[in-house]
1. So which residues in the range 51-75 are in contact (Cβ under 8 Å) with a residue 40 or more places away in the chain and at positive phi?
2. Please work out if Leu83 is surrounded by 18 or more Cβ atoms within 10 Å (Cβ to Cβ) and either out of contact with any Pro (no Cβ under 9 Å at 6 or more places or on another chain) or acidic (Asp, Glu) (or both).
3. Would you confirm, using the coordinates I've provided, whether Tyr128 is of a type outside the set (A, V, I, L, M, F, W, C) and at pLDDT below 95?
4. Can you confirm whether the range 207-218 contains a residue that is at pLDDT 95 or above and among the hydroxyl-bearing types (Ser, Thr, Tyr)?
5. Among the residues of the range 127-185, count how many are surrounded by 14 or more Cβ atoms within 10 Å (Cβ to Cβ) and of a type in the set (D, E, K, R).
6. How many residues are surrounded by 14 or more Cβ atoms within 10 Å (Cβ to Cβ) and either among the polar types (S, T, N, Q) or part of a helix (DSSP H, G or I) (or both) if we restrict to the range 481-501?
7. Out of the residues in the range 456-480 meeting the condition of being among the polar types (S, T, N, Q) and assigned to a helix (DSSP H, G or I), tell me which one is surrounded by the most Cβ atoms within 10 Å (Cβ to Cβ).
8. Among (1) surrounded by fewer than 22 Cβ atoms within 10 Å (Cβ to Cβ); (2) assigned to a helix (DSSP H, G or I), where does Val106 come up short?
Amino acid sequence: MGDKGRYYITTPIYYPSDRLHIGHAYTSTIADSIARWHRFNGKDVLFLTGSDEHGQKIERIAKARGIEPKDYVDKIVGTFKSLWEKYDITYDDFVRTTDERHRKVVQEVFQRIYDKGDIYKDTYEGWYCTPCEAFWVETKLEDGNCPDCGRPVELVKEESYFFKLSKYADGLLQHIQEHPEFIRPESRRNEMVNFIKSGLEDLCVSRTTFDWGIPVPIDENHVIYVWFDALTNYLTGAGFLQDEAAFARYWPADLHLVGKEIVRFHTIIWPIILMALDLPLPKTVFGHGWLLFGDEKMSKSKGNVVDPMELADEFGVDAIRYFLLREISFGQDGSFTRQALIDRINADLANDLGNLLHRSVAMIIRYRDGVIPLVGPLTELEEELQHLAATTVVEVGEHIDKLELNGALSAIWRLVARTNKYIDEAAPWSLNKAGNNERLDTVLYHLAETLRILALLIKSFLPTTGAKMWTQLGIATDLELCQVEDAKWGGLRPNTKVQKGEPIFPRIELDETNEADANDETPQKTKKEVQPAGGQTVVQTKTDKPLIDIDDFAKLDLRVAEIKQAEPVPGADRLLQLQIKIGTEERQIVAGIAQHYQPEALIGKHIVVVANLKPAKVRGVVSEGMLLAASTPDGLGLLTVERDIPSGAQVK
């Protein structure tokens with residue numbers, strides 16, 4: 001296809017003080033999806049990650065454990081690489097700051113800036129946060145603590161080398177003004193502009209009170225400050241001083257992807273290092289939000305750190321990748337809860353995508369012996385589906401260019417939803433019964449071809465899922481070699497033989513089905529039940545729940561209720577807030593049925609509710625009961641009464 005340019009993307013290099021948590025997996029999953037998309041578009045991609053292994057914090061941890069720092073970080077970095085392999089993170093290079101190639105780059109960068117007169121020796125006396133490896137003047141402290149992490153700082157006095165940040169402050173402000181895309185999102189840019197305008201102090205760039213670091217080339221009694229060392233990894237990975245042809249090709253970086261807590265280092269210290277070296281600045285530094293546990297930041301001290309390995313083992317890697325990419329507006333803080341994850345899996349992956357694939361393949365097998373037929377004359381339905389498929393490809397690319405990953409997935413899932421609706425509108429089972437073979441062939445081809453395009457679009461975000469779809473569609477070409485041009489309509493060859501497969505996302509059923517637990521953050525065991533689909537729904541009647549007696553059942557107060565009002569719950573695309581009437585009493589309940597019912601279609605319905613359920617908050621909205629519904633792979637149906645029984649009547 002030819003060269004379509006290059007793209008250089010980086011994650012921060014992660015600090016090996018302990019195993020990584022789900023927030024780190026969030027950053028790398030975003031970077032990996034962007035890298036995969038640009039490869040899909042024919043670009044020469046360099047995707048860099050790594051580990052930031054020096055500093056006083058690591059030295060103290062290793063000493064407390066009675067081992068050498070290098071032995072300690074070797075073990076932890078091994079867990080990093082295992083995690084990225086688990087999450088299908090396709091990095092091209094992994095820079096360890098203990099690598100010899102990196103040591104040479106850091107020392108040369110220090111030497112060049114020193115030779116330029118921008119580094120000088122003096123005595124540092126001030127405050128230092130060891131967990132953040134950050135220096136602070138007293139006026140920046142908050143209640144005497146580190147303004148970044150809130151932990152205590154230490155008073156440090158030692159001989160040090162200093163870097164003249166202040167010399168470049170005006171030039172950096174001018175660059176930010178002329179290149180608004182340099183710091184994103186806008187809120188982070190405004191914060192950094194205000195920080196620079198408040199005055200930049202020259203930066204202490206060496207330490208003498210410990211020795212776990214890269215020696216200063218002109219004075220080996222000093223080690224280079226860990227952030228000066230760490231930031232330079234972006235040059236190391238691009239080939240600086242090692243492969244000048246590669247460096248000329250890939251530098252400057254297109255995107256440094258970092259958490260918002262380290263934006264200051266990447267948008268002030270790092271660009272000034274580059275300015276002192278007379279090197280171009282990266283095009284964009286994007287500071288994304290935190291992944292919170294409920295409403296709290298994850299921390300070991302709070303006991304709410306989520307292990308991404310355990311999560312992937314329980315739910316599958318692609319399900320976790322989808323949740324991280326879809327649930328959170330990129331740039332803002334996001335919330336992780338098990339319930340929100342399960343809801344996403346069941347609604348989007350099992351019900352929408354998984355069921356679409358399973359039904360379509362099953363119908364091709366049932367009606368055409370598994371052979372994709374020739375397409376016949378089109379109707380408006382097919383023309384609309386083809387148009388949406390084409391515009392979706394463009395829209396996904398536009399969202400990625402704007403770093404709107406949740407928007408990209410939303411666009412893909414609109415095509416999924418429209419294809420599911422197309423099945424209902426075209427009714428292939430009726431066409432088969434009526435013997436309308438030409439029309440049936442057209443419908444089946446359009447289902448398979450839309451799924452082919454969906455597999456191509458999905459593979460950048462959910463690589464295993466894309467491959468499973470490709471296999472079930474029976475396509476022989478290598479999915480990984482396909483590029484965006486292959487997503488044009490008509491690429492699926494008739495006479496291709498589909499392959500029956502298991503549902504790619506079995507629906508997850510909670511052992512505890514009480515809807516009041518929907519906002520409970522405590523771990524709950526789940527079970528996965530494979531539910532057949534494809535024209536018929538098979539309902540299993542065997543239960544693994546304990547048997548109850550009549551006294552247990554008598555504890556439930558089941559009542560007929562009339563729905564008076566219905567509206568979406570803000571910020572929750574699967575929840576509806578219902579105002580119901582039970583006899584003369586009015587109540588509010590929250591139900592996860594927004595994917596199946598329009599609010600206005602519910603008004604006046606007589607449903608069955610559990611009336612004596614303890615009130616609970618679901619996404620911040622009080623729910624005073626639970627409605628009853630039946631769920632199958634084909635959808636969900638409310639439990640109603642067959643005649644006009646008044647609200648308040650007891651169900652026995």
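The values are calculated or read from the model by the stated rules, or taken from the named source; none is laboratory data. None of the values given here were measured: they were computed from a predicted structure. Because the Cβ atoms are built from the backbone with ideal geometry, glycine has one as well, and the counts that use them run over all protein chains shown.
1. Gly55
2. Working: surrounded by 18 or more Cβ atoms within 10 Å (Cβ to Cβ): yes; either out of contact with any Pro (no Cβ under 9 Å at 6 or more places or on another chain) or acidic (Asp, Glu) (or both): no.
Against the criterion (surrounded by 18 or more Cβ atoms within 10 Å (Cβ to Cβ) and either out of contact with any Pro (no Cβ under 9 Å at 6 or more places or on another chain) or acidic (Asp, Glu) (or both)), Leu83 does not qualify.
3. Values: of a type outside the set (A, V, I, L, M, F, W, C): yes; at pLDDT below 95: yes.
Here the answer is yes, as Tyr128 does meet what is asked.
4. No: zero hits.
5. The qualifying residues number 8.
6. 5
7. Looking only at the range 456-480, we keep the residues that are among the polar types (S, T, N, Q), and these are 460, 464-465, 471-472, 477.
Filter again for assigned to a helix (DSSP H, G or I), leaving 464-465, 471-472.
Values: Thr464: 16, Thr465: 25, Thr471: 15, Gln472: 22.
Of everything passing the filter in the range 456-480, Thr465 is surrounded by the most Cβ atoms within 10 Å (Cβ to Cβ).
8. Checking Val106 against (1) surrounded by fewer than 22 Cβ atoms within 10 Å (Cβ to Cβ); (2) assigned to a helix (DSSP H, G or I), the one that fails is (1).
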